Amino acid sequence: MLNSTQKLSYLQAIVEAHREEMRRDENVILMGEDIAVYGAQSLFDEFDESRLRNCPLSELGFTGVGVGAALTGLRPIVDLTIASFLYLASDQIINQAAKLRFMTGGQLKVPLVVRCSTFYNNRTAAQHADRPYPLMMNTPGLKIVAPSCASDAKGLLKAAVRDDDPVLFFEDITLWGKKEDVPVDEDFVVPIGKADVKRAGKDVTIVAFAGTVPPALVAAEALAKEGIDAEVVDLRTLVPMDKETVLSSVAKTGKLVIVDNSHRVGSVASEVAAVVVEEAFDSLRKPIQRVTAPAVHVPYNARLEKQLFPTKETIGAAVLRVV
C-alpha cells in the first residue's frame, strides 16, 4: 500500500485528499458553494451533513463560519469555487484568519484551508477570471500553495489540512483534467514551502508554478533541440517561498525567466525577481525576464483571452533574449 499509485486527474487527486483526510481526522469538514458540482459528489456517499455543508452564495458569511469552526478545534476546508470570490471573503481571511494567532499572542490557532480555483482561459470574463494570489501574498499570517500536477495537488492539500495556520490552496482549472500516477498512501504529503526542480539544466533557470509549469516544460524541451539546456523550477508554494532552491538554480545558470499568469504589476514574478536581485545579483549575467499577463481585465472573447497568458512560445522567446 505504501508504494501504491493510481492514475488520477488533478481534480480527482484533490477529492481523494479530502477523502483521506476526512477519514483520518473526524474534525476535518468541507463546506462551500456547489461542492458536489465540482468533483466532490462521491464524498456524499461516505460522509453525512455534519461533515459536508453546501452553503448559500455568501462567501463572506460562510468563510466566517469556517474561521469560527477552526477556532473551535475543527479543521474546515472552505471551497470558494472561484478564486475571484476571494475578494468577497477577504475580510474574514485577511482581518480574522490571518491575524488572530498574532493578536492573541499565540493563544488561538486557525487551521483553515481555503480552496480557490483560478477560472481563466475558459471565457468566464473579468469578474470571474482573476488570479489573486499576489494580493494574498501581501498578507502576513497566510500560507499560499499553487500546485502544478495531480500528485502535488493531493500532497499539498493534505499538508494544508494538517497545518495549524490558514492556508490558501490555489488550484488551476486548466490542470483539472491532467492525469498522472498519484500515491494512494494516506500519509503521503508534499511539504509546504519546498519548491521542486521539474527539469534540471545548466543554461537558464525558468521559475514557474501552477498552470505555467506545463508550458514551461514544453518550452524547455523545444529549447533543448536548439542546444539550450533550461532548468525548470516549480515553486509549488508561494508563501513561504523556497528562495534557496531558486537562488541555487540561478547561481548555476546565471540567467532567469519567471513565468506567472497573474498581472505583471506586483506579481509573483515581481517578488521572485526582487529576491534574486537582492540576494544573488552577482550571479546574474543577463537581465531577468518576466513572462506574465498584462495589466488588463480578462475579456469574455476567447481569442482575445488566450493572448493574455504565457505560452510555450512566449516563454521560449524570453529565454532566447537572455541566452
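The values are calculated or read from the model by the stated rules, or taken from the named source; none is laboratory data. This is a predicted model, so every value here is computed, not measured. Don't worry about glycine lacking a Cβ; one is built from the backbone with ideal geometry, like all the others, and counts go over all protein chains shown. In case anyone asks, the SASA skips ligands and DNA or RNA and just uses the protein heavy atoms, side chains included. Shrake-Rupley method; radii C 1.70, N 1.55, O 1.52, S 1.80 Å.
Val65 to Asn138: FRET efficiency via 1/(1 + (r/R0)^6), r the Cβ-Cβ distance, R0 25 Å, to the nearest 0.05?
On the way: r = 25 Å, r/R0 = 1.00.
Taking R0 as 25 Å, the efficiency between Val65 and Asn138 is 0.50.
Relative contact order of the chain: 17 percent, from C-alpha pairs under 8 Å at least 6 residues apart in sequence. Of the accessible area of segment 52-96, with the probe set at 1.4 angstrom, what percent is carbon plus sulfur? Result for segment 52-96: 60 percent of the exposed heavy-atom area is carbon or sulfur.
Over all projection directions, the Cα-based convex hull of segment 84-202 averages an area of 9.4 nm². Note on the chain: dipole from Cβ charges, positive end direction compared against Gln96, Leu256, Ala302; the farthest Cα belongs to Leu256. Every Cα-Cα pair in segment 21-80 was counted, and those over 16 Å apart are 39% of them. Neighbours of Leu86 by Cβ distance under 9 Å: Lys/Arg scored +1, Asp/Glu scored -1, total -2.
Shape verdict for segment 122-163, please, from the Cα gyration tensor: rounded (a/c under 1.5), prolate (a/b greater than b/c) or oblate. Note, shape of segment 122-163 comes out oblate. Per residue, the accessible area of the chain comes to 42 Å² when a 1.4 Å probe rolls over the protein heavy atoms. Against the chain, whose longest principal axis is taken from its Cα atoms, helix 213-224 shows a tilt of about 20°. On full extension, the segment bounded by Ala126 and Val184 gains 17.1 nm, given 0.36 nm per residue less the C-alpha separation. Between Asp164 and Phe102, the FRET efficiency from the beta-carbon distance, with R0 = 22 Å, is close to 0.95. Can you grab the distance from the C-alpha centre of segment 237-273 to the C-alpha centre of segment 278-323, Å, no decimals? Taking the Cα centre of segment 278-323 as reference, the centre of segment 237-273 is 12 Å away.
Compactness of segment 244-323, taken as the C-alpha radius of gyration over 2.2 N^0.38 Å, stands at 1.19. In terms of overall dimensions, the C-alpha atoms belonging to segment 169-218 reach 39, 22, 21 Å along their principal axes, ordered largest to smallest. Close Lys pairs in segment 78-203 (alpha-carbon distance under 20 Å; sequence gap of 8 or more, or different chains): 16.
Placing a pseudo-label 7 Å from each Cα along the Cα-to-Cβ vector at Leu304 and Ala200 gives an inter-label distance of 4.7 nm. Ligands, DNA and RNA left out, the accessible area of segment 228-307 computed with a 1.4 Å probe is 54% carbon and sulfur. Placing unit charges on the Cβ atoms only, positive for Lys and Arg and negative for Asp and Glu, gives segment 112-265 a dipole magnitude near 380 debye about its Cα centre.
I want the local charge near Gln127. Using Cβ-Cβ distances under 15 Å, sum +1 for each Lys or Arg and -1 for each Asp or Glu among the other residues. Spelling it out: positives minus negatives among the neighbours equals -1. Rg and Dmax over the alpha-carbon atoms of segment 1-149 stand at 15.7, 45 Å.
Note on the chain: helix-only mean residue ellipticity at 222 nm, from DSSP H runs of 4+ residues weighted -39500 (n - 2.57) and normalised by residue number, equals -9500 deg cm²/dmol.
From the C-alpha coordinates alone, can you work out the Kirkwood hydrodynamic radius of the chain, in Å? Write down the numbers at each step before the final one.
Numbers: mean 1/r = 0.0499 Å⁻¹.
Evaluated on the chain, it is 20.0 Å.
Placing a pseudo-label 7 Å from each Cα along the Cα-to-Cβ vector at Leu57 and Gln6 gives an inter-label distance of 3.4 nm. Computed 3J(HN,Hα) for segment 139-154, one whole-Hz value per residue from the Karplus formula 6.51 cos²θ - 1.76 cosθ + 1.60 where θ = phi - 60°, is 9, x, x, 10, 9, 9, 10, 8, x, 10, 8, 5, 5, 5, 4, 5, glycine and proline marked x. Its alpha carbons give segment 199-299 an Rg and a Dmax of 13.0, 41 Å. Net charge dipole, the chain: roughly 860 debye, given to the nearest 20, about the Cα centre with Cβ charges of +1 for Lys and Arg and -1 for Asp and Glu. Principal-axis analysis of the Cα atoms of the chain puts helix 243-253 at an angle of about 20° to the longest axis.
Helix 268-280 against the longest principal axis of the chain: what's the angle in degrees, Cα atoms only, rounded to the nearest 10? The angle comes out at about 60 degrees.
How much net charge surrounds Ala293 when only other residues with a Cβ under 14 Å from its Cβ are counted (Lys, Arg +1; Asp, Glu -1)?
Details: positive: Arg131, Arg264, Arg290, Lys306; negative: Asp130, Asp172, Asp260, Glu305.
In short, 0.
Just check segment 153-259 against the gyration tensor rule for me: Cα atoms, a ≥ b ≥ c as the square roots of the eigenvalues, rounded for a/c under 1.5, and otherwise prolate or oblate depending on whether a/b exceeds b/c.
Prolate, since a/c reaches 1.5 and a/b exceeds b/c.
Note: relative contact order over segment 74-135, using C-alpha pairs below 8 Å and six or more positions apart, is 48 percent.
Which GluC sites (Glu not before Pro) from segment 141-212 combine a DSSP loop assignment with at most 16 other Cβ atoms within 10 Å? All intermediate terms of the calculation are to be shown ahead of the outcome.
Details: sites: Glu171, Glu180, Glu186; in loops: Glu186.
When the GluC sites (Glu not before Pro) of segment 141-212 are filtered for loop state and at most 16 Cβ neighbours within 10 Å, Glu186 remain.
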